[in-house]
Structures are given as C-alpha cells and as structure tokens.
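Single-structure report; data block below.
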Amino acid sequence: MKNKAFHLLKKIFSLALFSGITIYGTFVLAEEQSLMVFAGAASKPPTEEAARAFEKKTGIKVDLVFGGSGYVLSQMILSKKGDIYFPGSSDYMEKAKREGYVFPETERVVVYLVPSLNVQKGNPKEIKGLRDLLRPGIRVAIANPEGVCLGAYAVEIIEKQFSSVEKEALKKNIINYTESCEKTAAALSLKMADAVIGWGVFEHWDPERIDTVPLRPSDILRVGYIPVAVSRFTARREQAQKFIDFLVSGEGKEIFRKYHYYMSPEDAFAWIGEKKTVGGEYVVPGEWIKR
C-alpha cells in the first residue's frame with residue numbers, strides 16, 4: 001500500500017512539474033511574441049486599430065501604453081522596459097534621441113497634425129477664434145504643458161498671440177490642465193469644457209460631440225508630426241521594426257487617413273492655407289509648469 005501511495009505521489013509530482021514547465025514555456029513564448037509601445041495619446045484611435053491589424057497579420061501582440069508623451073517617456077525610462085516610443089509630436093522624440101532612449105536611425109514620421117480650436121458639437125458658445133476664449137464664463141481646457149506635447153503647442157500659441165493682460169484673462173477661464181490628448185478631447189465629449197486648444201483630428205475621434213474651429217493661419221506657428229522609433233530598452237528589435245514598418249506602410253497609413261490625419265506637410269499646409277515650420281521643439285515658460 002505504501003509503495004502504491006509513493007508511486008502515485010511521484011506521478012502527481014511529475015505531472016505538476018511537466019505542467020509547470022509547459023505553462024512557463026508558454027508564458028515565455030507569449031512574452032517573446034509581444035511588443036510594448038509607449039505612445040502619446042494624440043494617435044490613440046488609429047494606433048489601437050493599427051495594433052489589431054498588425055497582430056492579425058503577424059501574430060505579434062502589441063501592448064499599448066497611452067498617455068501624455070512626456071509622461072509615457074518617463075514611464076519607459078523608469079521601468080527600463082518598452083520596445084517602441086511613439087510620442088504625439090517631435091518635441092519629446094527630440095528629447096528621447098538627445099538623451100539616448102531610442103535608436104535615432106530607426107525614427108520614422110507616421111503622420112502630421114495641425115493645432116485648432118475644438119468645441120462642443122454645434123458650437124453652442126459661438127466660439128469663432130482665439131480671443132473668444134477670453135470671454136467671461138467660457139470654460140477652457142488645455143493639455144498640461146509639463147508632460148503633454150499638445151499643451152506645449154497651446155502655450156506656444158498663447159504666448160505668441162496674447163498680451164500679458166489677455167493671458168491672465170485666459171488663465172481665469174482655464175478650468176483644467178488635462179493629462180493627455182485623449183483627456184483633452186474627453187473634456188468636450190463629457191461637456192466639461194466649452195473649448196480646448198487641440199488637434200483638428202479630435203472632431204473625427206468623436207464626431208457626434210466635437211466640432212473643429214480652424215485657427216487663423218497667423219495663429220498657427222508649427223505643424224506637428226507623430227514620429228516613432230525603437231526603444232533602447234527593447235529585447236525584440238526585429239519585431240519592433242516590423243511594427244514601425246507596418247505603421248508607415250500604405251496599409252498602416254490608410255488607418256490614420258480614416259481619422260483625417262495628414263499624410264504629408266503639404267496636406268497640412270493646404271488645410272491651413274500657408275506653409276509653416278514642421279516639427280521642432282518649444283521650451284514651455286516656467287510660469288506654465290505646475291510644481
């Protein structure tokens with residue numbers, strides 16, 4: 001009886017050990033076949049769709065971490081993880097390249113963006129331009145310029161177009177500094193703000209709740225672009241490069257085109273009506289940084 005019990009326990013242990021190895025092996029395989037992308041939320045809807053299409057095409061799973069471009073860069077650096085950095089503008093990619101967190105030779109430009117005013121559907125507050133944001137009672141939201149590229153674009157426009165007195169009037173109307181592009185658009189969708197300084201594509205993220213009011217050509221200082229590069233922390237460089245190649249392929253760009261992102265600077269210039277500087281960096285004045 002004791003021998004039978006011993007052999008039974010031995011068999012159970014062997015099966016458990018075998019199962020454990022199988023489970024562990026499956027886990028490791030899954031890890032090796034997945035990519036982690038730290039992405040600015042300026043590209044969220046099409047990037048989610050592109051990730052699904054890429055996974056279906058290649059079998060490589062893509063895990064997306066969205067947020068303000070500066071915030072997700074900090075996450076990538078602190079965790080020392082991530083295969084791809086995909087910020088919402090050139091500003092944070094320049095920082096990532098300068099500080100050695102991406103492979104510069106892998107950088108590609110996916111699409112282009114133009115700053116605009118975004119308002120609630122139907123524009124109930126009749127906001128027609130920047131100076132309407134100064135009217136008493138208008139609720140304005142801008143992205144936090146400390147970690148969101150869109151916030152830097154907003155501050156750059158405000159600093160260029162408004163006097164000191166006008167800036168103070170605007171600040172009284174700012175009801176929120178949002179943590180990402182996604183949350184900036186959501187401020188309109190949820191009717192928490194009357195207007196935001198955003199991207200023209202916000203209207204196409206939520207066409208039932210958001211409208212776009214184009215800025216005057218003289219108000220727009222830069223055309224933004226969305227770059228992507230392989231992270232220095234990757235252990236899957238080949239797979240990461242495959243995802244980047246997919247994003248800039250005809251199939252990948254068609255997904256972004258559905259959401260009305262611009263495929264070239266010339267497309268953006270045509271919408272604005274003038275040529276503008278493309279990309280670059282803007283240093284946000286200290287008065288706009290919350291400590």
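A few comments on the model shown:
- Hypothetical label at Arg131: residues of region 153-192 whose amide nitrogen lies under 12 Å (7 Å Cα-Cβ projection): 162-163, 166
- Couplings for region 123-139, taken from phi via the Karplus curve 6.51 cos²θ - 1.76 cosθ + 1.60 with θ = phi - 60°, read 6, x, 8, 6, 8, 10, x, 4, 6, 5, 5, 8, 5, x, x, 6, 8 Hz in order; Gly and Pro are left as x.
- If both residues of a DSSP beta bridge must be in the chain, then about 50% of such bridges are antiparallel.
- One entry in [x] 21.0; [y] 15.8; [z] 20.0 is mean projected area of the Cα convex hull in nm² calculated from the shown coordinates; its label is [z].
- Residues in region 204-219 carry Karplus couplings, in order, of 8, 6, 9, x, 7, 10, 10, 10, 10, 10, x, 6, 5, x, 5, 7 Hz; the curve used is 6.51 cos²θ - 1.76 cosθ + 1.60 with θ = phi - 60°, and Gly or Pro positions show x.
- Ala235 versus Lys81: modelled label distance in nm, points set 7 Å from Cα along the beta carbon direction: 1.1
- When the helices of the chain are scored as -39500 (n - 2.57) per DSSP H run of n ≥ 4 and the total is divided over every residue, the value at 222 nm lands at -14000 deg cm²/dmol.
- Within the chain, the selection of entire DSSP H helices by a Cα span of 20 Å or greater along the long axis and an average Kyte-Doolittle value of at least -1.0 returns 2-32.
- Taking every C-alpha pair closer than 8 Å and separated by at least 6 residues, the mean separation divided by the residue count of the chain gives a relative contact order of 27 percent.
- Computed 3J(HN,Hα) for region 278-289, one whole-Hz value per residue from the Karplus formula 6.51 cos²θ - 1.76 cosθ + 1.60 where θ = phi - 60°, is 10, x, x, 10, 9, 8, 6, x, x, 5, 8, 8, glycine and proline marked x.
- Anchor Lys128: lysines whose Cα lies under 23 Å away (excluding residues fewer than 8 positions away in-chain): Lys160, Lys167, Lys171, Lys172, Lys183, Lys191, Lys275, Lys276
Taken together, the values in this text are just the output of simple stated rules run on the coordinates, not laboratory data. No experiment lies behind these values; they were computed from the predicted model shown. We place every Cβ from the backbone using ideal geometry, glycine too, and count neighbours over all the protein chains shown.
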